[in-house]
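Written out below as structure tokens is the structure these notes cover.
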Amino acid sequence: MKPYLTIIGGGLAGSEAAWQAAERGIPVILHEMRSVTPTPAHKTDQCAELVCSNSLGNNLPHSAPFLLKEELRKFNSLVIGSADRHSVPAGGALAVDRDLFSQEITERIMQHPNITLKRDEVVEIPEEGPVIIATGPLTSPKLSEDIQRIVGQKYLYFYDALSPIVDANTIDFDKAFFASRYDKGGDDYLNCPMDREQYGQFVQELNNAQKVPFASFEKPIYFEGCLPIEELASRGPKTLAFGPLKPVGLTLPETGRIAHAVVQLRRENKEGTAFNLVGFQTKLTYPEQKRIFTMIPGLEKAEFFRFGAIHRNTYINAPGILTKNLDLKTRPGIYFAGQIIGVEGYVESATMGLLASLSAVRKISGEDFTPPPIETAMGALHNYVTTKPPKNFQPMNINFGLFPATEMGIRNKKERNQKIFDNALAGLTRWRNSFQQEVDSTV
Ligand SMILES: Cc1cc2nc3c(=O)[nH]c(=O)nc-3n(C[C@H](O)[C@H](O)[C@H](O)COP(=O)(O)OP(=O)(O)OC[C@H]3O[C@@H](n4cnc5c(N)ncnc54)[C@H](O)[C@@H]3O)c2cc1C
């Protein structure tokens, strides 16, 4: 029998993965459970259902999300192709008619001669590979148990708590200063000091801010060490100043005095082009995060690569357990793709479906997989999920903070983004040509 590829989960990642492999002549069995076993959020049995917003994110030229979409277009992506065909007006975003979008994807999957769509819940990872697990943030509990058995308890998570990340170029370094508490750790932290009045206003705004409500299946599951910043603020006016914003051990460089409160930021990458706000996981809406977090001295003009969030989300600690081929170090041939690998968002998930599929196709063809170059958006995401230190691993969306530092040093944003864009598309074309044999059938 000709080798075939098993894919579990017909969401954004699984549908893209199935399509890419099938277009390269590989028979695919795609398992999707929703017509027999529902998830708490999906409403239909269609493939690639958009569970919440109908927007696939920013589509403005020279933004990182646009670049990722452009790269997917170069690979004749099923997800982006369908999105383009069923787009609806949405300003600078690529929003879609969700029904037509997933209907087209389902039909093309069902009509493809190389794809068999099976409507069932997979409860155990098949022994025979290759298998792509693309079961998403709401992976069924039985399969989650089996994944946990294979990857180990400490590598599978069920919630995420994300702090906002800001572009280093937009921080005011006249106000923010590098120092570690009691000088332990050199310049590991960037500190934004607040006086009493600034702190009082900040706490007041946090208390009045609009929050994203929890979905019915997301009962708040706060661990004391990981409370949302607004939850801490609501416990009393001094709670933050005695908690994550405590000023002790940090003297102001100009006066040698201690501030009333200090917001600490930590480097998000080695190059220091992006910083996260330590302890700022939050359920505030995005506009409220922008409004309130730019009250912090030094962050008045901050641009956010990612906003904070707290979600129900099943995901693995990918850098701890996956190879650069996106399969398990301990079980070669078992690949992960989509949100479960530790990316955030519809388009990022589809991208990981494409990459895991190309990698599995290579394995089936007896060839090595070379990941996309780091200067591409696909390469930046791949690099994040395979090389981020496992200790600090958190799900991530595409943003320019993931790209090599070379261009990030260019202060003119338009010029910088243009350079990143040109390098990325040139790199992607070179890389795509290395898949010539398979690409010939798709482009
Ligand atoms: C409530 C909620 C709201 C969200 N809102 C947004 C948003 O607005 N914008 C955004 O970009 N992202 C949003 N996300 C994240 C979003 O889910 C992902 O971006 C995207 O859908 C992930 O794609 P995926 O293919 O990894 O997972 P999914 O699209 O969820 O696909 C996984 C598929 O696997 C199937 N499956 C699960 N377990 C099994 C099993 N054992 N056997 C067979 N099939 C199985 C599921 O039925 C599902 O179809 C949201 C997530 C949730 C939970």
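Every number here is computed from the coordinates shown, using simple stated rules; none is lab data. In this text the structure is predicted, and so the values were computed from the model without any measurement. Positions of Cβ are generated from backbone atoms using ideal geometry, with glycine treated the same way; all protein chains shown enter the neighbour counts.
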Residue by residue through the stretch 259-271, the couplings from Karplus 6.51 cos²θ - 1.76 cosθ + 1.60 with θ = phi - 60°, in Hz, x for Gly and Pro, are 6, 6, 8, 9, 8, 9, 10, 10, 4, 8, 9, 4, 6
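Label the stretch 90-155 by shape, choosing from rounded, prolate and oblate, from the square roots a ≥ b ≥ c of the eigenvalues of the Cα gyration tensor; if a/c is under 1.5 it is rounded, and otherwise prolate applies when a/b is larger than b/c, oblate when it is not.
Working: a/c = 2.90, a/b = 1.55, b/c = 1.87.
It comes out oblate by the Cα gyration axes.
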Computed curve, the stretch 40-92, Cα-only Debye sum without solvent term, log₁₀ I(q)/I(0) at 0.21 Å⁻¹, is -0.87
Residue 120 and residue 414 label points (each 7 Å along its Cα→Cβ direction) are spaced in nm at 5.8 nm
Sequence order, the stretch 99-109: Karplus ³J(HN,Hα) from phi using 6.51 cos²θ - 1.76 cosθ + 1.60, θ = phi - 60°, Hz rounded, Gly and Pro as x, gives 5, 5, 4, 6, 4, 4, 4, 4, 5, 5, 5
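Counting other Cβ atoms within 10 Å, which GluC sites (Glu not before Pro) in the stretch 229-334 have at most 11 and lie in a DSSP loop? Please report the intermediate quantities before stating the final value.
Values: sites: 230, 231, 254, 268, 271, 288, 300, 303; in loops: 254, 268, 271, 300, 303.
Here the sparse-neighbourhood loop sites are 254.
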Here the relative contact order (percent) of the stretch 165-306, from C-alpha pairs under 8 Å and at least 6 apart, is 41 percent
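Kindly rank 276-283, 86-93 from highest to lowest mean number of other beta carbons found within 10 Å of each residue. Please list the in-between numbers first.
Values: 276-283: 22.9, 86-93: 13.8.
Result, highest mean Cβ count within 10 Å first: 276-283, 86-93.
Compute the Cα gyration tensor for the stretch 29-127, then decide on rounded, prolate or oblate, letting a ≥ b ≥ c be the square roots of its eigenvalues: rounded whenever a/c is under 1.5, prolate when a/b is larger than b/c in the other cases, and oblate in all that remain.
prolate
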Checking rank on 54-61, 393-400, with mean other Cβ inside 10 Å and highest first, the result is 393-400, 54-61
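Near residue 118, within a Cβ-to-Cβ distance under 13 Å, what is the net charge of the other residues, with Lys and Arg +1 and Asp and Glu -1?
Values: positive: 34, 119; negative: 32, 45, 120, 121.
Residues near residue 118 contribute -2 overall.
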Computed over the chain: longest principal axis from alpha-carbon atoms vs helix 12-23 long axis, angle to nearest 10 degrees, is 40 degrees
To the nearest 20 debye, the chain has a Cα-centred charge dipole, built from +1 on Lys and Arg Cβ and -1 on Asp and Glu Cβ, of 620 debye
Here the relative contact order (percent) of the stretch 122-188, from C-alpha pairs under 8 Å and at least 6 apart, is 20 percent
Quick calc: nm separation of the 7 Å Cα→Cβ label points for residue 300 and residue 286 -> 2.6 nm
dims of the chain, Cα set, principal axes, largest to smallest, nearest Å -> 75, 45, 45
Counting sequence-distant residues (5 or more places) and residues on other chains, those with an amide H built under 5 Å from that of residue 263 are 192, 194
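Using the C-alpha gyration tensor of the stretch 356-416, what are the square roots of 5 times its eigenvalues, in whole angstrom, with the largest one first?
Numbers: eigenvalues 147, 48, 15 Å².
In descending order, the three semi-axes are 27, 15, 9 Å.
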Taking a straight Cα-to-Cα line shorter than 14 Å from residue 142, and setting aside same-chain aspartates and glutamates fewer than 8 residues away, one finds 120, 121, 124
Placing +1 on each Lys and Arg Cβ and -1 on each Asp and Glu Cβ in the chain, then taking the dipole about the Cα centre, the residue among 287, 55, 12 whose Cα reaches farthest towards the positive end is 287
In degrees rounded to 10, the 0-90 angle between helix 64-74 Cα long axis and the longest Cα principal axis of the chain is 10 degrees
Once normalised by the length of the chain, the mean sequence separation of its alpha carbon contacts under 8 Å that are 6 or more apart gives a contact order in percent of 22 percent
Rh (Kirkwood, all Cα-Cα pairs) for the stretch 165-306, Å, reads 15.6 Å
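In the calculated pair distance distribution of the stretch 1-71, what percentage of Cα-Cα distances lie above 16 Å?
Roughly 60 percent, once rounded to a whole number.
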For the stretch 425-433, Karplus-derived ³J(HN,Hα) couplings (6.51, -1.76, 1.60; θ = phi - 60°; whole Hz; x for glycine and proline) come out as 5, 5, x, 5, 4, 4, 5, 4, 5
Note on the stretch 300-443: alpha-carbon gyration tensor, axes a ≥ b ≥ c; rule is a/c under 1.5 for rounded, else prolate if a/b larger than b/c, else oblate; result oblate
For the chain, percent of DSSP beta bridges that are antiparallel (nearest 5) comes out at 65 percent
Only helices counted: for the chain, with every DSSP H run of 4 or more residues adding -39500 (n - 2.57) and the sum spread over all residues, [θ] at 222 nm is -9500 deg cm²/dmol
